[in-house]
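Okay, so here's the structure we're looking at.
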Amino acid sequence: MNSLRARAHLLFGRRSHQSLAPHQHLSPAVANDLVISTVDENSGIAMLTMNRPPANSLSMEMNEAICDSIKTIEANAKIQSVILSSTNPKIFSAGLDVTELVSPDKDRLPRFWNSLQQVYIDLYGSRLATVAAIQGHAPAAGCFLAMACDYRVMSAGDINSDTKKKHVPTIGLNETQLGIAAPPWMGQLLVRTVGFRQAELALALGTLFPPEQALAVGLVDDIVPHQKAESGEDQLIDLLPSQIKDQALNPLLQRAYSQARIYAKIPPQARVASKMVTREEHIFRMIAKRDEDTQHFCGFVTQKAVQKNLSAYVEALKNKSAKK
Ligand SMILES: CCCCCC/C=C\CC(=O)SCCNC(=O)CCNC(=O)[C@H](O)C(C)(C)COP(=O)(O)OP(=O)(O)OC[C@H]1O[C@@H](n2cnc3c(N)ncnc32)[C@H](O)[C@@H]1OP(=O)(O)O
């Protein structure tokens, strides 16, 4: 137990009270292209905006960029909360970049998987309070990103004012629809979020939940109707990267920001210790089985039948997009 506590300190307690970053008031957007980080030391809130067009799918480089951004923000002791968002108004993250899975390079595949495992460790185990602003679709590993946060707000959907077409985002672990299965640590996150029976059903069927249903099963904590707010939190505009600067009155981001503020006001030591209570064992269990998990993933994905399913899925995605 002592070693668990020591390791927990490494995971959750690291740098929480030391300032490793130079003192700064409000930083301009720091972009490494794939992920844009902004911080506001006054409010203690940061924003991590995923920016990998067209779908924020998770390639190895995207996973690494997410981890780098989390670490950079964590190194600033003045920051207590982070909002995870997307520059794409219709897609939070489309999950793993499926092109990483089809006819994979045998040296890259385990490194790719390790990069996703690291996102889980760094995001689920972050000392920061994490709020997912789920504006658009969040299938599979996109749902995982949201579940690894502390709080999830989701857009109720939107009607395009020109075409009058309704956009309703969905969220869930839809892996079985692709002929693959979520790894145990990801599936268990769903169990932890929505409870055993709902998770068992949703995992087997690959259910993608629209916002109302996601709220009903507890997959998200709040849904936000799209009507533009008249006014909002002034400080939010400073946090927004240039790509989404016009979103200051977006009600979803407003709601995520106010939740991030609530978290930022809780004494961090108490907040982090309480997070440890629910998360440390889960993280350590995964770390202990990390190599086994990688071997299983590589063995599973490279099976002939699985490759056939994945190729067909990628083809269907491309055809769908080409028909637009
Ligand atoms: C032991 C085995 C363990 C296995 C590991 C399990 C863990 C995680 C699994 C995954 O995460 S697999 C990925 C699952 N993701 C999906 O099934 C989502 C696929 N995408 C969609 O359903 C749709 O794109 C969308 C997200 C609902 C958005 O729809 P929309 O109509 O707005 O956009 P599209 O035209 O479909 O797509 C735009 C553009 O993005 C490309 N794209 C979409 N998703 C992905 C992806 N996951 N990876 C790579 N690329 C993706 C799509 O091909 C289009 O590209 P272009 O053709 O326009 O270049």
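For this structure, a couple of remarks:
- The charge dipole of the chain, taken about its Cα centre with unit charges on the Cβ atoms of Lys, Arg (+1), Asp and Glu (-1) only, comes to about 440 debye.
- Share, in percent, of DSSP beta bridges within the chain that are antiparallel, nearest 5: 35
- Counting DSSP beta bridges with both ends in the stretch 85-243, the antiparallel % (nearest 5): 25
- Distance in nm between pseudo-label sites at residue 235 and residue 277 (7 Å out along the Cβ direction from Cα): 2.7
- Residue 222 long-range amide H proximity, modeled H, under 5 Å: 152, 154
- Across the options 95, 144, 163, the greatest Cα extent toward the positive end of the charge dipole of the stretch 91-175 (unit charges at beta carbon of Lys, Arg, Asp, Glu) belongs to 163.
- Loop-located GluC sites (Glu not before Pro) in the stretch 186-277 whose Cβ has at most 12 other Cβ within 10 Å (DSSP): 230
- For residue 129, residues with placed amide H under 5 Å, excluding near neighbours: 81, 82
- Integer Hz, Karplus 6.51/-1.76/1.60 couplings in order for the stretch 82-96, x for Gly and Pro: 9, 9, 9, 9, 9, 6, 8, x, 10, 9, 6, 7, 7, x, 4
- Here the stretch 46-152 is assigned +1 on the Cβ of each Lys and Arg and -1 on the Cβ of each Asp and Glu. Its dipole about the Cα centre then comes out at about 240 debye.
- Residues with amide H under 5 Å from that of residue 172, placed H, sequence gap 5 or more: 138, 140, 143, 209
- Computed over the stretch 131-209, Cα set: Rg, Dmax in Å: 13.5, 43
- Over the chain, relative contact order from alpha-carbon pairs under 8 Å, at least 6 apart, %: 18
- Label-point separation in nm, residue 204 to residue 176, each point 7 Å along Cα→Cβ: 0.6
- Across every direction, the projection of the convex hull enclosing the Cα atoms of the chain has a mean area of 16.7 nm².
- ³J(HN,Hα) computed for each position of the stretch 193-198 - Karplus, 6.51 cos²θ - 1.76 cosθ + 1.60, integer Hz, glycine/proline x: 8, 10, x, 4, 5, 5
- Within straight-line cross-link reach of residue 304, lysines at Cα separation under 29 Å, skipping those fewer than 8 residues along the same chain: 106, 289, 318, 320, 323
- Computed helical MRE - 222 nm, the chain, DSSP H runs ≥ 4 contributing -39500 (n - 2.57), nearest 500: -13500 deg cm²/dmol
- Number of Lys pairs (Cα under 30 Å; 8 or more positions apart or on different chains) in the stretch 142-279: 10
Since every read-out is calculated from the coordinates, none of them should be taken as a lab result. Note that this is a predicted model, so its numbers are computed, not measured. Please note: Cβ atoms are built from the backbone with ideal geometry, for glycine as well, and neighbour counts cover all protein chains shown.
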